[in-house]
Amino acid sequence: MPGIVVVGAQWGDEGKGKVTDLLAERVDAVARFQGGNNAGHTIVRNGEEWKFHLIPSGILYPGKRCIIGNGVVIDPRVLIAELDALRARRIDVGGLRISANAHLIMPYHLLLDSAGEAKLGSLQIGTTRRGIGPCYADKAARLGIRVQDLLDEKILKKKIVAAMEPKRLSLRPFERDPALDLHTMTEEYLTHGHRLEQHIADTSKLMWEMLDEGKKIIFEGAQGAMLDIDHGTYPFVTSSNPLSGAACVGTGVGPKCIDEIWGVAKAYTTRVGAGPFPSELHDHLGEEIRKRGGEFGTTTGRPRRIGWLDLVALRYAARLNTLTALVVTKLDVLSGLDKIGVCTSYSGEEEAAFEDFPYHQTVLHHTSAKLTELRGWKQDLRECRTLSDLPDGAREYLDFIAEHVGADIALVGVGPQREQTIWTDAGRRTLIASDGAGG
Ligand code: GDP
Ligand code: IMO
Ligand code: MG
């Protein structure tokens, strides 16, 4: 049963979109299983750039099934805008299927996300303000509106009333906001329902049937392990589980369907939003890497915080996900640096040392990165296509990562374009094995 999970192994924006697009060529379907349009996944093909927020990164291949699983939270306005933009660029979106059980982001979720952040003041999380947290909160409180509700006016209206009732107090400042008018909201969401109806399906069954026939599916993660609501740097996290384990619940297939779990990590670290970041660089080098790597958010345009590669966090992500392979992206960005820092452990208060990621928030907040310095390399890597094309310094860096994480590197990114990729033997072996398993 060939299921391949692609997850972020850091704080998001690792290059999952590019990796999914690369692998998607060889599979039958790509499914998203969590998150929403807080995600921004970039693909560059033949010099043309594509940014996806909700639609799986397989949509550019004609005839490929793309699935938005039940674990995703959907803002229907954003989804429809994304579909329209793809159609305008002559992409066939007929293969998209949306789980009838996925939850919907409602206008009040957007308002509550921003209001919640404003209330937190200096303690704010720095959310994408896309309504993600409030939507998952309603899901857990069993007050959510689901995709299937769009197809029944009476039920939709009843559920909106029930969902808004306990929020009366917090929504009072928005009383006059026309977006919150019951009639307007119901009409708007019914219209969205009409637009999306042809795509709504029992996606769990659909995926089971595909897997049962030996077809291959990529489970495309959003965000990254360190933003996981259970295992990340809580409360500075997103409201879903970006870990491989969530691929199953978020689509409605069992764990036996998963064969491969690839964790994507940049050759350095970035983080958008607030929260602890032990290997963060606050100097001109951080700024230089931000500039070279184009480290500005795909979704919100915010400058990303920059730091050295954090192997403590990466080992933690490898364990939480049971990674079968690592993908290292953006190695090209580090060219020209004399020395490259790598965080191999943390030091804490009273000379405490941590090889493992500290589970206690207060402890984590007081840690700083202990760095090992490796030699850099001068050569531009963007034309390298095999490991042997790489300068010694770059190869040593990759070996150091693989050894300290305890995982094989399957792919190395040396530029945003599809072809700016190095396949290692481990990566090729996985592909051949999964090709053999496929139908
Ligand atoms: P995602 O959210 O994990 O899909 O990542 P994003 O798309 O938000 O951010 C990754 C950015 O890095 C995008 O602009 C990609 O085009 C770009 N990118 C991906 N891989 C590489 C690489 O190996 N080198 C360089 N220079 N850019 C890359
Ligand atoms: P992709 O899929 C990077 C961050 C936000 C904020 C925190 C909570 O492109 O890797 P939320 O809006 O989810 O409630 O915000 O999570 N965040 C991301 N950071 N990449 C993402 O997605 C992110 N999605 C959310 O910046 O710190
Ligand atoms: Mg992104």
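Just so you know, all these numbers are worked out from the coordinates, no wet-lab data involved. This structure is a prediction, so every number in the text was calculated from the model and none was measured.
Tabulated results
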| read-out | value |
| --- | --- |
| GNM flexibility winner over the chain from HIS404, HIS183, HIS109 (Cα, springs under 10 Å) | HIS183 |
| Top of GLY121, GLY193, GLY63 by mean-square fluctuation, Gaussian network on the chain, Cα under 10 Å | GLY121 |
| Kirkwood Rh in Å, taken over all unlike Cα pairs in the chain | 22.3 |
| With Cα atoms, 0 to 90° folded angle of helix 425-437 axis to the chain main axis | 40 |
| Between 0 and 90°, nearest 10: helix 182-196 axis offset from the chain longest Cα axis | 60 |
| The stretch 103-199: mean projected area of Cα convex hull, nm² | 6.4 |
| Pairs of lysine residues in the stretch 103-199 - Cα separation under 23 Å, sequence separation of 8 or more or cross-chain | 11 |
| The stretch 317-439 - convex hull of the alpha-carbon atoms, volume per residue in Å³ | 133 |
| Evaluated at q = 0.14, 0.15 Å⁻¹: base-10 log I(q)/I(0), Debye formula over Cα of the stretch 116-272 | -0.98, -1.08 |
| Cross-link reach list, lysines versus LYS378, counting only Cα pairs under 26 Å and skipping chain neighbours closer than eight places | LYS18, LYS266, LYS291, LYS330, LYS339, LYS370 |
